[in-house]
Amino acid sequence: MSAWPAARAARVLRALLRIGWAVKRQAGSHRVLSREGWADYVFAFHDGEEIGPRMLARIAWQTGLTPGDL
């Protein structure tokens, strides 16, 4: 079993904002997030969309998100 549960995109975005990411710019559902010391990350999900465990693991690798942050 994966350490990552499936989660709604709005929940994941809130968690990213809590750990220090900020919305740099937005065009539709594409949000460019920035954080000091990290490369910009494009979060391209609609708020109600379900993000599965594998995609969450990819997001975590690029942003430093942990399962406890959700």
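The values are calculated or read from the model by the stated rules, or taken from the named source; none is laboratory data. These figures come from a predicted structure and were not determined experimentally. A quick note on method: Cβ atoms are made from the backbone with ideal geometry, for glycine too, and the neighbour counts reach across all protein chains shown. Just the protein is used for accessible areas: all its heavy atoms, side chains included, with ligands, DNA and RNA removed. Shrake-Rupley method; radii C 1.70, N 1.55, O 1.52, S 1.80 Å.
Some notes on this structure:
- Helix 9-18 and the long axis of the chain differ in direction by around 60°, with both axes built from C-alpha atoms.
- The chymotrypsin sites (Phe, Trp or Tyr not before Pro) of the chain that meet both conditions, a loop assignment by DSSP and at most 16 other Cβ atoms within 10 Å of the site Cβ, are W38.
- Here the Gaussian network model covers the chain, with springs between Cα atoms less than 10 Å apart; of G52, G20, G37, G37 fluctuates the most.
- Checking every one of the GluC sites (Glu not before Pro) in the chain against DSSP loop status and a limit of 15 other Cβ atoms within 10 Å picks out E36, E49.
- Accessible surface calculations at 1.4 Å, restricted to protein heavy atoms, place the chain at 63 Å² per residue.
- Helix 53-63 and the long axis of the chain differ in direction by around 40°, with both axes built from C-alpha atoms.
- In units of the rule-of-thumb radius 2.2 N^0.38 Å, the chain shows an alpha carbon radius of gyration of 1.02.
- Rolling a 1.4 angstrom probe over the chain with all protein chains present gives an accessible area of which 54% lies on carbon and sulfur atoms.
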